[in-house]
Amino acid sequence: MSFENKVVLVTGSGRGIGEATARLFAEQGAHVIISSRTQAEIDAVAKSIQEKGFKATAITCDVSDAKQVESLFSKIAKEIGSVDVLVNNAAAFIAKPIDEMTVEEWDHLMEANVRSLFLCSKEATKQMKPKKSGAIVNISSLAGVVGVQKFPGSSCYCATKGAVTLFTEALAAELKPEGIKVNSVSPGGVDTKMFREGLPHLQPEMVPEEIAEAVVFMASEKANRAIGVNLTVGG
């Protein structure tokens, strides 16, 4: 696989799955945009990638904020080039019984996990349509897959990831005629800060690098026949 001279934006790439994914794309020749709300984290990741001789640029953004997302994509297009691959990885996690979940926490999950997906996909589509090419890979979860056993306290999180899965399927049908492929990757338990802090009583079965491999594959030409596919990993 090669992404030579491709511009790849990975949201939530200051750590965890996003960081591992950005690193792998960079190793494949892409100019990777490292983005999250935490400047120190993305600066460290970008610097580490650059020190290895690969291309990376750090740009802060709260991807649930429409104005910031518009600014992010505009800056990328002006300074680097239009986005070829978008990985919607940024997400939040709250495990809490439904009767204890606040409206503010529900809204936070929906904004971080679903609204951000819409905003970034919208802007990426604007840049991909003129080229009649591009790939969007959404990071969902086994929590958003029908039939997979769920754990107590996950109803609100599962609702957001179910939305991600169906959004992917519908958007793929919409953008296929435009030459843009849209797919998702749904991991099981991955050893990330979000998993360890949210589910300290559970043992993750995978590491971020394993999910990164799946994401890069789904964005590559090897997966050109995959349209609206939700690739489950682990479980």
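Out of the residues in the range 165-193 meeting the condition of being in a loop (DSSP other than H, G, I, E, B) and modelled with pLDDT under 95, tell me which one is surrounded by the most Cβ atoms within 10 Å (Cβ to Cβ). Give the steps one after another, and end with the answer.
We begin by selecting, within the range 165-193, every residue in a loop (DSSP other than H, G, I, E, B); these are 179, 188-189, 191-192.
From what is left, the residues that are modelled with pLDDT under 95 are 188-189, 191-192.
Numbers: G188: 18, G189: 17, D191: 16, T192: 22.
Of everything passing the filter in the range 165-193, T192 is surrounded by the most Cβ atoms within 10 Å (Cβ to Cβ).
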Query raised in the report: Which residue pairs have Cβ atoms under 7 Å apart, sit 6 or more places apart or on different chains, and have a first residue in the range 12-38 that is aromatic (F, W, Y) and a second that is in a loop (DSSP other than H, G, I, E, B)?
Result: F25/F3
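Out of S140, S133, I need the residue that is closer than 30 Å to K6 by Cα and surrounded by fewer than 16 Cβ atoms within 10 Å (Cβ to Cβ). Which one?
Details: S140 fails: surrounded by fewer than 16 Cβ atoms within 10 Å (Cβ to Cβ).
The match here is S133.
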Query - Scan of the range 90-113 for residues that are at pLDDT 95 or above and out of contact with any Cys (no Cβ under 9 Å at 6 or more places or on another chain), ordered by number - result: D99, E100, T102, V103, E104, D107, H108, E111, A112, N113
Query raised in the report: For the range 7-22, how many residues are of a type in the set (S, T, N, Q) and in contact with a Phe, Trp or Tyr (Cβ under 9 Å, 6 or more places away or on another chain)?
Result: 0
Report task. Scan the range 13-21 and give yes if some residue there is more than 26 Å from V114 (Cβ to Cβ), of a type in the set (A, V, I, L, M, F, W, C) and modelled with pLDDT of 95 or more, otherwise no. Result -> no
Query raised in the report: Is at least one residue of the range 125-139 under 17 Å from E169 (Cα atoms), part of a helix (DSSP H, G or I), touching a residue at least 40 places away in the same chain (Cβ under 8 Å) and under 17 Å from the mean Cα position of the chain (by Cα)?
Result: yes
Query raised in the report: Which numbered condition trips up R196, out of (1) among the basic types (K, R); (2) at pLDDT below 95; (3) crowded, with 16+ Cβ neighbours inside 10 Å?
Result: (3)
Query raised in the report: A44 fails exactly one of the following numbered conditions: (1) over 27 Å from V229 (Cα atoms); (2) under 17 Å from the mean Cα position of the chain (by Cα). What is the number of that condition?
Result: (2)
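The values are calculated or read from the model by the stated rules, or taken from the named source; none is laboratory data. This one's a predicted model, so the numbers in the text were calculated from it and none came from an experiment. Positions of Cβ are generated from backbone atoms using ideal geometry, with glycine treated the same way; all protein chains shown enter the neighbour counts.
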